[in-house]
Each structure stands twice: as C-alpha cells, then as structure tokens.
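> Sending over a structure as structure tokens; questions will come in a sec.
Values in this text are rule-based calculations from the coordinates and carry no lab data. Remember, it's a predicted structure, so these values are computed and weren't measured experimentally. In this analysis, Cβ positions are derived from the backbone assuming ideal geometry, glycine residues included, and neighbour counts consider all displayed protein chains.
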Amino acid sequence: MTEPAVIYHFKNKVGLLIAVLEHRDREDMATFAHSLGVEPEDMWSGNAQFGIRDICAALMDRNAAQPEMVRLYIPCYKANR
C-alpha cells in the first residue's frame, strides 16, 4: 500500500496508530481466552470461570512478550491528556 493510500484509508498517522492498537486488542483477546481456557466469545459471557488475578497474569505475560506494542500506547495516552 502506498503512503497516499494509507493516509486516505486512515486519514492520518493517529488513525493508523489507533487501527494498529485495535487490531492488537482483538489479538490479545484471543490470546487471553486461549490462556484462560475459554473461547474468545465466552470472555464476557459470565459463564467462564476465571478471576481478575488470572486476567492480570495473562495480560502481563502478553505485554512482556510484546514490549514494542505496549510502547505504542504512550503517544495515545499523551494525546488524550
């Protein structure tokens, strides 16, 4: 994809960054579900048996494996302050 095509589709760099982070969030949800032993669609159904400690452990494992993705949240945080 050319730079003009990217800008047309995402409008600006912030839009592209947000799309990347939203994709990462969807991937994380699937990874969390797998590590918790449930299907992704069951994460919020109330039928799955896991607690906040399990969720935090899965989140820390995922973030530790992808520090470059975690760093992408810094500009978004600063932009929304």
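> Would you mind ranking M60, M43 by Cβ crowding within 10 Å, fewest neighbours first?
Ascending Cβ contact count within 10 Å gives the list M60, M43.
> Along the charge dipole of the chain, pointing to its positive end and built from +1/-1 on Cβ of Lys, Arg, Asp and Glu, which listed residue (A19, A33, I52) has its Cα farthest out?
A19
> While we're looking at this one, here's another question. Suppose each label sits 7 Å from its Cα in the direction of the beta carbon; what would the Y77-E27 distance come out to in nanometres?
Between Y77 and E27, the simple spin-label model gives 2.0 nm.
> With θ set to phi - 60° and the Karplus curve 6.51 cos²θ - 1.76 cosθ + 1.60, what are the ³J(HN,Hα) couplings of the stretch 16-29 in order, to the nearest whole Hz, using x for Gly and Pro?
Result, rounded to whole Hz: 5, 4, 4, 4, 4, 5, 5, 4, 4, 4, 5, 5, 4, 4.
> Once you wrap a convex hull around the alpha carbon atoms of the stretch 19-79, what is its projected area averaged over all directions, in nm²?
For the stretch 19-79, the mean projected area of the Cα convex hull comes to 4.6 nm².
> Which value, in debye to the nearest 20, describes the size of the charge dipole of the chain about its Cα centre when Lys and Arg Cβ atoms bear +1, Asp and Glu Cβ atoms bear -1, and nothing else is charged?
On the way: 9 positive and 11 negative charges, 111 e Å.
Charge dipole, the chain, about its Cα centre: 540 debye, nearest 20.
> So what is the relative contact order for the chain, in percent, with contacts set as C-alpha pairs under 8 Å and at least six apart?
24
> Same structure, new question: Sorting S35, S45 on the 10 Å Cβ count, fewest up front, what's the list?
Going from least to most buried by this count: S45, S35.
> Okay, next question. Is there a quick way to get the dipole size of the stretch 34-81? I mean about its Cα centre, with the Cβ of Lys and Arg at +1 and of Asp and Glu at -1; what is the value in debye to the nearest 20?
On the way: 5 positive and 6 negative charges, 92 e Å.
With Lys and Arg at +1 and Asp and Glu at -1, about 440 debye.
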